Amino acid sequence: MDQIILQVINGLDKGSAYALIALGLTLIFGTLGVVNFAHGALFLIGAFCAVTLQRILNISAQTVDPTKTDFLGNPAVIKTPYVELWFGPEMGAAIIDWSVPLAVLFAIPIMVAIGVIMERGLIKHFYNRPHADQILVTFGLAIVLQNIIKQFYGASQISTPSPEVFRGSFDFGVLLGYEANAIIYPYWRMIYFAFSVGIISAIFAFLRFTTFGMVVRAGMADRETVGLLGINIDKRFTIMFGIAAAVAGVAGVMYAPINSPSYTMGMDFLVISFVVVVVGGMGSLPGAVLAGFLLGIVESFASLNEVKSILPGIDQIIIYLIAIIILLTRPRGLMGKRGVMED
Amino acid sequence: MLGLNKRDFRLLIIVLLLTLGTPFLLQPFAEGTELAKFNAGYPDLMQRIAIFGIFAMGFNILFGLTGYLSFGHAAFLGVGSYSAVWMFKLLSMNVIPAILLAMITAGLFSLVIGYISLRRSGIYFSILTLAFAQMSFALAYSVLTPITNGETGLQLALSDPRILDPVNNTGSLPLTNIFGLEMNAAVKIEMLGRLYTFSVGYYFSAAIALLAFYVSLRIFRSPFGLMLRAIKSNQQRLSYTGLSTRPYTLAAFVISGIYAGLAGGLMASMDPLAGAERMQWTASGEVVIMSILGGVGTLMGPVLGAGAIKYLENIFSKINESVLQSWFAFLPDGLENTVVWVFSRFTGDGWPLTLGLLFMLVVTFLPGGLVEGGQRIAKLFKRDKVKPDGENNDEDGAKHKPEPTPRVDE
């Protein structure tokens, strides 16, 4: 039983990342009808926003301390980050320590801007072209963005630690009456899960309870009619693209402490998040979220040793296997509407 | 001749001459000059161009003719490579059985995957093939290690049985050959200050590529090819006339799978090892890029695309910062460093970035690829000749034709 609980909660953090990326993909597909292969790259850029902010905060003033010498006998150079000079040593150290959560604020405007530029500059010209062309051009864009990141940050993984407070683990088992250390779960993963639930609810609330969201939903249902009513639906869809980019971006920022970002992480997540979207049902927002968490949990169950001993290698392929079965038996996915992208 | 009409036969002859002359064509600059780095006439690169040409030709039969965009073709190439290396290990170092087995296994593999994937079309088909390819990749890396040798990749060993070959007492690994003629044997001729290399490996790959080109030419001109094009333009209408399109698409899928297997087998014949990374989806993306860049749906396009990409890849990775520095040495110092910095982002390590940009530009502005580009330029020259004698030129005529309606899959 404790194993089952452990696998469920283990699956939640990966599932949260899948759900957030798939949610953004679905938002773009539902509003603009574009299959965006560059969405993984947006997740990647988000993660590197965290890296960038961490580097900015660590820019240091160098002072020479004549009283001390380094091992060569030269006067020691002491580096003090500017934030520590400006805000005092304690406050400054705290700011640096909290660089990942702060990067969320830093990333949102950047990601929205990137999203809007992407939509206005590139994807706008592809609305009337076949889906294959949209896939190809966004695939090209993904390669470009990934390699820009590689050119600036190198190919190795860059460690971006979470704040000191969250580095430990939480002992779940004790709460449920198991012995100590039976079910432990890192704090940051809990925060990631809570964060993604918050973002997902915010998106749903935004679409459900605001006038803007209502117009967007109407536009998703029937773009032409909304346009005929004199509403500038294109502008709203552009903003939705920006929001979808921001969702992928903040998902990337918060994921940085879980898995040190490197330039390939976008492509790694892209394939899986497409599978998530298809399993959830093309164009269905609740479907994307549900499938994201579901696949995350299923994947973590498949990596149990008991399962692996019966079906070796199942942990590697389970997600693809599920996608194939779903596509063949129920092509519109778990919660997809009939007729969306079906033949 | 050969079941072709005059025009196609001429095309075949041109391609034949080009492949024969490749060692000359790719070696235009004298050895030791500044421009010598643009030469590409050495066997390794020429073989790669021929092999990737075959791979792209096969992909084109599927995507170019039927419009089904597969993102998993590298899986067939990988399977071909593995089976070829196994043949080298168990049977003989002769490449013929290895390539035959590579084609057979890739064909069977693509039959299974195609049978399942072709039940869906559009984006779903792409994702299904992607899922299958990723599954093969993951399995080759982990569980199938006894067959694929996992991360290290499958390699030859001295202890391999090789039942048909004479006992190997030399203590070094045997080389791939075709009836005794070794693949890396080469004749080098120095002429006009240039070193021309005529290698067995290249001419062997080129002969097979030529054969593959001939087959794809016949497919393009056959009623079967016409049927595939009909599927691309309107599958629904075909179904309404009572035709089942599935056998046709499946046949196209298997043919392109066999082409990929052939390319994989050849790759292993030139360098007898096989690794799982050949099956990764980014490798499938590469063949997509090649076909699109050259001109998808045209006969020559994919081969041109494969050649252009492999050639540029080779050139770009040679241009490092010191080369750039020598090129821009005439600029003032501060400017020089900036220019060199900017250019070095796109060369050397930065080649994928350039490739991505190039690919985006082609998809956006030149959907027909290099072939369409060539046609546009040719048209430009033609129009200049026609213009003086009247308004009745091409552009005017084109306006009266119905605009092709954008295809929307929904």
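Bear in mind these aren't lab numbers, they're just calculated from the coordinates by the rules spelled out. As the structure is a computational prediction, the values presented were derived from the model and not from experiment. Positions of Cβ are backbone-derived with ideal geometry, glycine not excepted, and every protein chain shown enters the neighbour counts.
Obtain the nm distance between the two label points defined at A:Leu304 and B:Leu100 by a simple spin-label model: each point lies 7 Å from its Cα along the Cα-to-C-beta direction.
About 4.9 nm separates the two model spin labels.
Mind checking the dipole of region A:123-264: about its Cα centre, +1 per Lys or Arg Cβ, -1 per Asp or Glu Cβ, Debye to the nearest 20?
Working: 10 positive and 7 negative charges, 81 e Å.
So the dipole magnitude of region A:123-264 works out to roughly 400 debye.
Test of the criteria: in region B:136-197, which GluC sites (Glu not before Pro) are in a DSSP loop and have at most 12 other Cβ atoms within 10 angstrom of their Cβ?
Values: sites: B:Glu151, B:Glu182, B:Glu190; in loops: B:Glu151.
Of the GluC sites (Glu not before Pro), the ones in loops of region B:136-197 whose Cβ has at most 12 other Cβ atoms within 10 Å are B:Glu151.
Would you calculate, for chain A, the mean residue ellipticity at 222 nm contributed by helices, counting each DSSP H stretch of 4 or more residues as -39,500 (n - 2.57) and dividing by all residues, to the nearest 500?
Numbers: 15 runs with 234 residues, N = 343.
Value at 222 nm, helices only: -22500 deg cm²/dmol.
On the first, second and third principal axes, largest extent first, how far apart are the outermost C-alpha atoms of region B:288-339 in Å?
48, 16, 16
So how far apart, in nm, are the two label points at B:Leu380 and A:Ser169 if each is 7 Å from Cα heading toward Cβ?
It is 6.5 nm.
For the protein assembly as shown, what does the alpha-carbon gyration tensor say about shape, rounded, prolate or oblate, given a ≥ b ≥ c as the root eigenvalues, a/c under 1.5 as rounded, and a/b over b/c as prolate? It would help to have the intermediate numbers written out before the result.
Working: a/c = 1.43, a/b = 1.30, b/c = 1.10.
It comes out rounded by the Cα gyration axes.
Packing-wise, with mean Cβ within 10 Å as the measure, how do A:60-68, A:2-10, A:23-31, A:205-213 rank, highest first? Write out the running numbers ahead of the final one.
Working: A:60-68: 9.9, A:2-10: 16.3, A:23-31: 26.3, A:205-213: 12.4.
Order by mean packing, descending: A:23-31, A:2-10, A:205-213, A:60-68.
Near the amide H of A:Met335, under 5 Å away, which other amide H atoms are found, from residues 5 or more places off or on another chain, if H is placed in the peptide plane?
Here A:Gly281 satisfy the definition.
Taking Cα pairs under 8 Å and at least six residues apart, what relative contact order does chain A come out at, in percent?
Working: 542 pairs, mean separation 114.3, N = 343.
Relative contact order here is 33 percent.
With the dipole of region B:319-392 worked out from charges on the C-beta (+1 for Lys and Arg, -1 for Asp and Glu) around the Cα centre, which of B:Gly350, B:Leu335, B:Met360 lies farthest toward the positive end?
Of the candidates, B:Met360 comes out farthest on the positive side.
How would you rank B:257-270, A:153-166, A:258-271, highest first, on the average number of other Cβ atoms within 10 Å across their residues?
Details: B:257-270: 30.2, A:153-166: 15.0, A:258-271: 21.2.
Those peptides, ordered most packed to least, come out B:257-270, A:258-271, A:153-166.
Using alpha carbons only, how many degrees (0 to 90, rounded to 10) separate the axis of helix A:39-57 from the longest principal axis of chain A?
Relative to chain A, helix A:39-57 is tipped by roughly 20 degrees.
Please compute, for peptide A:270-277, the average count of beta-carbon atoms on other protein chains lying within 10 Å of each residue's beta-carbon.
Details: counts 2, 7, 2, 0, 6, 4, 0, 2.
Partner-chain Cβ atoms within 10 Å, mean over residues of A:270-277: 3.
Say the dipole of the protein assembly as shown comes from +1 at the beta carbon of Lys and Arg and -1 at that of Asp and Glu; which of B:Ile104, B:Leu11, A:Ala76 then lies farthest toward its positive end?
The one lying farthest along the dipole's positive direction is B:Leu11.
Using a simple charge model, +1 on the beta-carbon of Lys and Arg, -1 on the beta-carbon of Asp and Glu, nothing else, what dipole does chain A show about its Cα centre, in debye to the nearest 20? Could you put the intermediate results ahead of the total?
Details: 20 positive and 21 negative charges, 205 e Å.
With Lys and Arg at +1 and Asp and Glu at -1, about 980 debye.
May I ask you to evaluate 6.51 cos²θ - 1.76 cosθ + 1.60, the Karplus curve with θ = phi - 60°, for each residue of region B:7-19 and list the ³J(HN,Hα) values in order in whole Hz, giving x for glycine and proline?
For region B:7-19, the Karplus-derived couplings read 5, 5, 5, 4, 4, 4, 5, 4, 4, 4, 5, 4, 5 Hz, x marking Gly and Pro.
What does the charge count around A:Arg120 come to, taking other residues whose C-beta lies under 14 Å from its C-beta (Lys +1, Arg +1, Asp -1, Glu -1)?
Neighbour charge sum, excluding A:Arg120 itself: +1.
Can you give the angle from 0 to 90° between the axis of helix A:314-329 and the longest principal axis of chain A, with both taken from C-alpha atoms, to the nearest 10?
It is inclined by approximately 20 degrees.
Determine the relative contact order of region B:244-347: mean sequence separation of Cα pairs under 8 Å and six or more apart, normalised by residue count, in whole percent.
13 percent
Let me know the shape class of region B:135-262, please: from the alpha-carbon gyration tensor, a ≥ b ≥ c as square roots of the eigenvalues, rounded when a/c is under 1.5, otherwise prolate if a/b is greater than b/c, or oblate. Mind showing how you got there, number by number?
Values: a/c = 3.07, a/b = 1.55, b/c = 1.98.
The shape class here is oblate.
When the Karplus curve 6.51 cos²θ - 1.76 cosθ + 1.60 is applied with θ = phi - 60°, which whole-Hz ³J(HN,Hα) does each residue of region B:111-116 get, with x for Gly and Pro?
Once θ is set to phi - 60°, the couplings for region B:111-116 become 5, 5, 5, x, 4, 7 Hz.
Across peptide A:43-52, how many C-beta atoms of other chains are within 10 Å of each residue C-beta, on average?
Going residue by residue through A:43-52 and averaging, the value is 0.
Around B:Glu286, under 15 Å between beta carbons, what's the net of Lys plus Arg minus Asp minus Glu among the other residues?
Details: positive: B:Arg48, B:Arg278, B:Lys310; negative: B:Glu277, B:Glu313.
Value of the local net charge: +1.
Past 26 Å, Cα to Cα: identify those pairs from A:Lys14/B:Lys310; A:Lys150/B:Lys310; B:Lys6/B:Lys379; A:Lys124/B:Lys382, in the order given. All intermediate terms of the calculation are to be shown ahead of the outcome.
Values: A:Lys14/B:Lys310 38 Å; A:Lys150/B:Lys310 21 Å; B:Lys6/B:Lys379 23 Å; A:Lys124/B:Lys382 34 Å.
Beyond 26 Å: A:Lys14/B:Lys310; A:Lys124/B:Lys382.
I need the phi-derived Karplus couplings for region B:57-66: 6.51 cos²θ - 1.76 cosθ + 1.60, θ = phi - 60°, integer Hz, Gly and Pro marked x.
Working through the residues one at a time gives 4, x, 4, 5, 4, 7, 6, x, 8, 9 Hz.
Starting from the Kirkwood radius over alpha-carbon pairs of chain A, derive D by Stokes-Einstein at 10 °C in a medium of 1.306 mPa s and give it in µm² s⁻¹. Intermediate values should be presented prior to the final figure.
Numbers: Rh = 21.8 Å.
Using the Kirkwood radius from Cα pairs, D works out to 73 µm²/s.
Give me the dipole magnitude in Debye, nearest 20, for region B:22-300 about the Cα centre, with unit charges on the beta carbon: positive for Lys and Arg, negative for Asp and Glu.
For this selection, approximately 1160 debye.
Determine the sum of side-chain charges near A:Ile258: Lys and Arg each +1, Asp and Glu each -1, restricted to other residues whose C-beta is under 14 angstrom from that of A:Ile258. Can you show the working numbers first?
On the way: positive: A:Lys14, A:Arg167, A:Arg189; negative: A:Asp13, A:Asp268.
Combined, the nearby Lys, Arg, Asp and Glu give +1.
Expressed as a rounded percentage, what relative contact order does region B:22-300 have, with Cα pairs under 8 Å and six or more residues apart? Walk me through the numbers before you get to the answer.
Working: 482 pairs, mean separation 113.9, N = 279.
Worked out over region B:22-300, it gives 41 percent.
So how tilted is helix A:285-302 from the main axis of chain A? Cα-based, degrees 0 to 90, rounded to 10.
60 degrees
I need A:Lys150, B:Lys188, B:Lys379 ordered by Cβ neighbour count within 10 Å, fewest first. Before the final figure, lay out each step's value.
Working: A:Lys150 17, B:Lys188 9, B:Lys379 13.
Ranking A:Lys150, B:Lys188, B:Lys379 by Cβ neighbours within 10 Å, fewest first, gives B:Lys188, B:Lys379, A:Lys150.
Order these peptides, B:212-219, A:125-132, A:47-54, by their mean beta-carbon neighbour count within 10 angstrom, highest first.
Answer by packing, highest mean first, reads A:47-54, B:212-219, A:125-132.
With point charges of +1 on the Cβ of Lys and Arg and -1 on the Cβ of Asp and Glu, referenced to the Cα centre of region A:220-319, which listed residue (A:Ile258, A:Ile318, A:Ile297) lies farthest in the positive direction of the dipole?
It is A:Ile258.
Using a 10 Å cut-off on Cβ to Cβ distances, tally the other chain neighbours for every residue of A:144-155 and report the average as a whole number. Before the final figure, lay out each step's value.
Values: counts 9, 2, 4, 11, 4, 0, 4, 7, 1, 0, 1, 1.
Counting Cβ atoms of other protein chains within 10 Å of each residue's Cβ and averaging gives 4.
Going by the alpha-carbon gyration tensor, a ≥ b ≥ c the square roots of its eigenvalues, is region B:22-300 rounded (a/c under 1.5) or, if a/c is not under 1.5, prolate (a/b greater than b/c) versus oblate?
Because a/c hits 1.5 or more and a/b fails to exceed b/c, region B:22-300 counts as oblate.
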